[in-house]
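These notes are about the structure you will find just below.
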Amino acid sequence: MKEEIFDPEKYDMTTCPSCNARGFIQNPNRQCCPKCWGLGFIVKETDNDISTGSISKISLEFVGG
């Protein structure tokens, strides 16, 4: 069975600047990153698009939808 590796570039994503792709922050206790929701990656921002539909598309592809 071939192991699939998440490719953030495929989904036009970049590492989260808040947690440096760790998915958590220390504030003062370890907690889920509020910017990326623990994923460690965020959708790249553009000047004219807030990319609201991208998270739904990614979620559907992970569950096979």
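For region 1-39, trypsin sites (Lys or Arg not before Pro) are listed when DSSP marks them as loop and at most 14 other Cβ atoms sit within 10 Å of their Cβ; the list is K2, K35. Stretched out straight at 0.36 nm per residue, the stretch from K10 to F24 would grow longer than its current Cα-Cα span by 2.7 nm.
Every number in this text was worked out from the coordinates using simple rules, so none of it is lab data. All figures in this text were calculated on a predicted structure; none of them were measured in a lab. We place every Cβ from the backbone using ideal geometry, glycine too, and count neighbours over all the protein chains shown.
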